[in-house]
Amino acid sequence: MSETKEDLKYIQLSNGLPLPRIGFGVFQLKYADCYDLVTAALDAGFRHIDTSEVFGNEDVCGKAVIDWCDRNRVPRTDIILSTKLANCSDYTATRASIRSSLHHLGTYIDIFSIFSPAAGSKARIESWGVMEEFIERGDIRCLGVCNYGIKHLEELYASKPKHLPVINQIELHPFLARDDIVNWCKEHNIVVEAYSPLTHGIRLQDPKLVEIANSIGIDVPRLLLRWSLQKGYVPIVQCTNPDQIRDNLDIFSLRIPKDIEDKITSLDEHWHADSSYDPTICE
Ligand SMILES: NC(=O)c1ccc[n+]([C@@H]2O[C@H](COP(=O)([O-])OP(=O)(O)OC[C@H]3O[C@@H](n4cnc5c(N)ncnc54)[C@H](OP(=O)(O)O)[C@@H]3O)[C@@H](O)[C@H]2O)c1
C-alpha cells in the first residue's frame, strides 16, 4: 500500500497517541525569542514542540502553545508538547523536577522523557518509577527516553515498568546512522526521534550532500529532513528564521528516490555534532 500524505504527517506511538512526524526544537534559541519562534512554528504548521527542563525555556514554550491554541481556537490536544527530566535522581528530586516542569509549562505534558542516561542505573530506574506516577495522575500522557543506548533500554525493560518508553530521542543524521539502536527501537515499537537532523547546522555545506541535493533539485536542509522521514524517524529541527521554519515543513510532497536515499544512508562516518558528547555509551 502506498503512503498517503496523512500517513506521512503522523506516526502512532505504542500507547496509541498520534505523533506529528516532525518536531520543532528549542534547545539553543535565545530565551527572549523563544515565545515568538514557537508561535511562528505553530503558525507554519508544526504541531510538536520539544523543550526540556535543562533548556530553561519551558515557561515561554508552554505559554506560546496555550496562547496559540486560545487565539486560533485549536484544542490543546492537537499539539504534542514534550519536555525532559534534566537529571535522573532519587524520588524526591525527580518529583520536584516534574512538578517544576508542569508549573513552568502551565499545562499537561504529552511526552516526558529522561534527557540522558548519565546518572547511572539506580537513578534511571528510580526516576522512571516516579515518572509513571505522574501518568497515573493524568499530568503526563506518555514517557520516553533520550540518548539511551541498547544497554540502557534493556535495563529499563528488565525492570518490568508499568509504562514502556514510546520514543527514544537520539542524535541521528546521515553522518551518524546508529543502526544498532534504531533496530532495537523498531523491534520494540519505540519511535526514534532524530535530534540534530541538520547536523546542528555544521555540515549543511558538505560537498557530498550539496551534490546529492542539487541532483534532485532541493536544498540540503530539506534533503536531510526528508531522508529522516523516509528512514522512519521523527526529526526534531531547530530554526530561528520564520521563512526557513516554513521551508522545513515543505517535505511531505517530495520523495527521494530509493537509490539516492541509499546513497545518503551510505555517508555514515559515526560523526557527532559534539565529538565529546555520546551519552548512549555511558554506564
Ligand atoms: N535530547 C537531547 O539530548 C538533545 C540534544 C540536542 C538537541 N536536541 C533537540 O533537537 C533540536 C534540534 O537540534 P539542533 O539544534 O542540534 O540541530 P539541527 O536542527 O540539526 O540544526 C539547527 C541549525 O540548522 C539551521 N537551520 C535550520 N533550518 C534551516 C534551513 N531551512 N536552512 C538553513 N539552515 C537551517 C539553524 O540555523 P539558525 O539557528 O540560524 O536558524 C541551526 O543552525 C533541539 O532544539 C532540541 O529540541 C535534543
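The values are calculated or read from the model by the stated rules, or taken from the named source; none is laboratory data. Bear in mind that the values here come from a model prediction, so they are computed numbers and not experimental data. Positions of Cβ are generated from backbone atoms using ideal geometry, with glycine treated the same way; all protein chains shown enter the neighbour counts.
Determine whether segment 41-56 contains at least one residue that is outside any helix (DSSP H, G or I), at negative phi and surrounded by fewer than 16 Cβ atoms within 10 Å (Cβ to Cβ).
no
Out of all the residues in segment 174-184, is one or more at pLDDT 95 or above and within 10 Å of the ligand (Cβ to nearest atom)?
Within segment 174-184, none of the residues are at pLDDT 95 or above and within 10 Å of the ligand (Cβ to nearest atom).
Please work out which one of (1) away from the ligand (no atom under 11 Å from the Cβ); (2) free of Cβ contacts under 8 Å to residues at least 12 places away in the same chain; (3) farther than 20 Å from Phe175 by Cα is the condition Val210 fails and give its number.
(3)
Would you mind stating whether Gln230 is polar (S, T, N, Q), in contact with a helix residue (DSSP H, G or I) (Cβ under 6 Å, 6 or more places away or on another chain) and surrounded by 14 or more Cβ atoms within 10 Å (Cβ to Cβ)?
Yes; evaluated as a whole, the condition is true for this residue.
Which residue, of Pro279, Pro221, is near the ligand (Cβ under 10 Å from one of its atoms) and either of a type in the set (Lys, Arg) or surrounded by fewer than 17 Cβ atoms within 10 Å (Cβ to Cβ) (or both)?
Sole residue among the options that is near the ligand (Cβ under 10 Å from one of its atoms) and either of a type in the set (Lys, Arg) or surrounded by fewer than 17 Cβ atoms within 10 Å (Cβ to Cβ) (or both): Pro279.
Considering every residue within segment 128-138, establish whether at least one is in contact with a strand residue (DSSP E or B) (Cβ under 6 Å, 6 or more places away or on another chain) and at pLDDT 95 or above. Steps first, please.
In the first step, residues of segment 128-138 are kept if they are in contact with a strand residue (DSSP E or B) (Cβ under 6 Å, 6 or more places away or on another chain); the result is 131, 134.
Next, only the ones that are at pLDDT 95 or above stay: 131, 134.
Yes, that holds for at least one residue.
Give segment 63-86 a look and list any residue that's surrounded by fewer than 17 Cβ atoms within 10 Å (Cβ to Cβ) and assigned to a loop (DSSP other than H, G, I, E, B), or say none.
Initially, segment 63-86 is screened for residues surrounded by fewer than 17 Cβ atoms within 10 Å (Cβ to Cβ), giving 66-67, 70-78.
Of everything in segment 63-86, those that are surrounded by fewer than 17 Cβ atoms within 10 Å (Cβ to Cβ) and assigned to a loop (DSSP other than H, G, I, E, B) turn out to be Arg73, Val74, Pro75.
Please specify each residue of segment 106-118 satisfying the condition of being surrounded by 20 or more Cβ atoms within 10 Å (Cβ to Cβ) and either aliphatic (A, V, I, L, M) or more than 16 Å from the ligand (Cβ to nearest atom) (or both).
Within segment 106-118, Ile109, Ile111, Ile114 qualify.
What are the residues in segment 240-268 that are assigned to a helix (DSSP H, G or I), touching a residue at least 60 places away in the same chain (Cβ under 8 Å) and either charged (D, E, K, R) or loosely packed, with under 13 Cβ neighbours inside 10 Å (or both), if any?
Arg246 - this is the single residue of segment 240-268 that is assigned to a helix (DSSP H, G or I), touching a residue at least 60 places away in the same chain (Cβ under 8 Å) and either charged (D, E, K, R) or loosely packed, with under 13 Cβ neighbours inside 10 Å (or both).
Would you please list the contacts, defined by Cβ atoms under 8 Å and residues six or more apart or on different chains, that run from a residue in segment 111-138 that is at positive phi to a residue that is at pLDDT 95 or above and surrounded by 15 or more Cβ atoms within 10 Å (Cβ to Cβ)?
If the second residue must be at pLDDT 95 or above and surrounded by 15 or more Cβ atoms within 10 Å (Cβ to Cβ), the pairs left are Gly120/Cys88; Gly138/Tyr108.
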